[in-house]
Amino acid sequence: MTTTSPHGRTEMLRPDGSPVRVLVVDDEAALSELLSMALRYEGWEVRSAGDGAGAVRTARDFRPDAVVLDVMLPDMDGLAVLGRLRRDLPEVPVLFLTARDAVEDRIAGLTAGGDDYVTKPFSLEEVVARLRGLIRRSGTATERSESMLAVGDLTLDEDSHEVSRGGDFIHLTATEFELLRFLMRNPRRVLSKAQILDRVWSYDFGGQANVVELYVSYLRKKIDAGRSPMIHTRRGAGYLIKPGE
């Protein structure tokens, strides 16, 4: 049975039950990290490479279920990288990222064996949706509902939107729920204000960081009040959630 979450997302898993693997290839470090974070939020395992040679080496070791591949790389273009990837992984679906919008460029990528493309600038949601479609059609993964998240004695049901700690129900607003969900999907991982803004509020980097501080304080009052703290601040880095001591 497949159940859809409030965001239309169900968990995709490999036949052995392990997370879907995606390789992100882009020489822009900030963009690569942003994409990787969005894909990890889906529960997928992600590795990245900043050039074509690194992409080929990583693909051989990682054996990804899908590849996000920038057309313009410092050592070779994406079409050449695709050719090398296909020698080892002839069936792996490839999503091209391109700053080019000319019809001939898009046709060249698809003719060379690419399965789909998105043109920069793009939304993270579009990339995730395109990848889910490619992986689903390739038959390399199945979808399964995983609605319950748990960190220590804190639980969050993505389907019913119910949150409890130690068996006590906690009422959250819609935004508080999204913030907590993002934290709980990345336990023990420090999330920057910029990453939180992009995922929870869909804001670009810079500005509005005070809204993150405000909502983290709201969550702390509801989640940690009278209990061992679970939401922690890493000064100059961001926030993380981990089981209370």
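The values are calculated or read from the model by the stated rules, or taken from the named source; none is laboratory data. Just so you know, these numbers come straight off a predicted model, no measurement behind them. Methodologically, a virtual Cβ is constructed for each residue, glycine included, from the backbone with ideal geometry; neighbour enumeration extends over all protein chains shown.
Answer yes if at least one residue in the stretch 105-113 is of a type in the set (A, V, I, L, M), modelled with pLDDT of 90 or more and more than 20 Å from the chain's Cα centre (by Cα), and no otherwise. Talk me through it step by step, then tell me what you get.
Restricting attention to the stretch 105-113, the residues satisfying the condition of being of a type in the set (A, V, I, L, M) are 107-108, 110, 112.
Okay, now just the ones that are also modelled with pLDDT of 90 or more, so none.
Taking every residue of the stretch 105-113 in turn, none turns out to be of a type in the set (A, V, I, L, M), modelled with pLDDT of 90 or more and more than 20 Å from the chain's Cα centre (by Cα).
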Legend entry - Single residue of the stretch 48-61 satisfying the filter (among the charged types (D, E, K, R) and assigned to a helix (DSSP H, G or I)) that is surrounded by the fewest Cβ atoms within 10 Å (Cβ to Cβ): Asp61
Inset, instruction - Starting from the stretch 202-227, take each residue that is within 16 Å of Pro243 (Cα to Cα) and list its partners that are part of a loop (DSSP other than H, G, I, E, B) and at pLDDT 85 or above, counting only C-beta distances under 8 angstrom and pairs at least six apart or across chains. - result: Leu219/Leu172; Arg220/Pro229; Lys222/His171; Lys222/Leu172; Ile223/Met230; Asp224/Met230; Arg227/Gly166
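Go through the stretch 21-37 and give me each residue that's within 13 Å of Leu95 (Cβ to Cβ) and either among the hydrophobic types (A, V, I, L, M, F, W, C) or in contact with a His (Cβ under 8 Å, 6 or more places away or on another chain) (or both).
Val22, Leu23, Val24, Val25, Leu35, listed by residue number.
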Legend entry - Test: residue in the stretch 36-47 that is assigned to a loop (DSSP other than H, G, I, E, B) and either touching a Ser or Thr at 6+ places or on another chain (Cβ under 6 Å) or more than 26 Å from Leu183 (Cβ to Cβ) (or both): no
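So, Glu33, is that one farther than 18 Å from Leu134 by Cβ, of a type outside the set (Ser, Thr, Tyr) and at pLDDT below 95 or not?
It is true that Glu33 is farther than 18 Å from Leu134 by Cβ, of a type outside the set (Ser, Thr, Tyr) and at pLDDT below 95.
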Inset, instruction - Any residue in the stretch 21-36 that's closer than 13 Å to Asp198 by Cα: show its pairings with residues that are part of a helix (DSSP H, G or I) and of a type outside the set (Val, Ile, Thr) at Cβ separation under 9 Å, as long as the two are six or more apart or on different chains. - result: Glu33/Gln195; Leu34/Leu124; Leu34/Ala194; Leu34/Gln195; Leu34/Asp198; Leu35/Leu124
Legend entry - Which listed residue is under 23 Å from Val128 (Cα atoms), surrounded by 13 or more Cβ atoms within 10 Å (Cβ to Cβ) and modelled with pLDDT of 90 or more, from Arg165, Arg220, Arg189, Arg199: Arg189
Inset, instruction - Test Leu172 against the criterion of being surrounded by 14 or more Cβ atoms within 10 Å (Cβ to Cβ), of a type in the set (A, V, I, L, M) and in the same structural domain as Pro93 (by TED's automatic domain parsing), and give yes or no. - result: no
Legend entry - Residue check, Pro64 assigned to a loop (DSSP other than H, G, I, E, B), within 23 Å of Arg136 (Cα to Cα), out of contact with any Phe, Trp or Tyr (no Cβ under 8 Å at 6 or more places or on another chain) and not aliphatic (A, V, I, L, M): yes
Inset, instruction - Being β-branched (Val, Ile, Thr) and either at pLDDT below 85 or surrounded by fewer than 14 Cβ atoms within 10 Å (Cβ to Cβ) (or both) is the filter; apply it to the stretch 3-29 and report the residue that is farthest from Phe182 (Cα to Cα). - result: Thr3
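Per-residue answers, yes or no, for (1) modelled with pLDDT of 90 or more; (2) touching a Lys or Arg at 6+ places or on another chain (Cβ under 8 Å):
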| residue | (1), (2) |
| --- | --- |
| Val56 | yes, yes |
| Pro64 | yes, yes |
| Leu85 | yes, no |
| Leu95 | yes, yes |
| Ala102 | no, no |
| Val118 | no, yes |
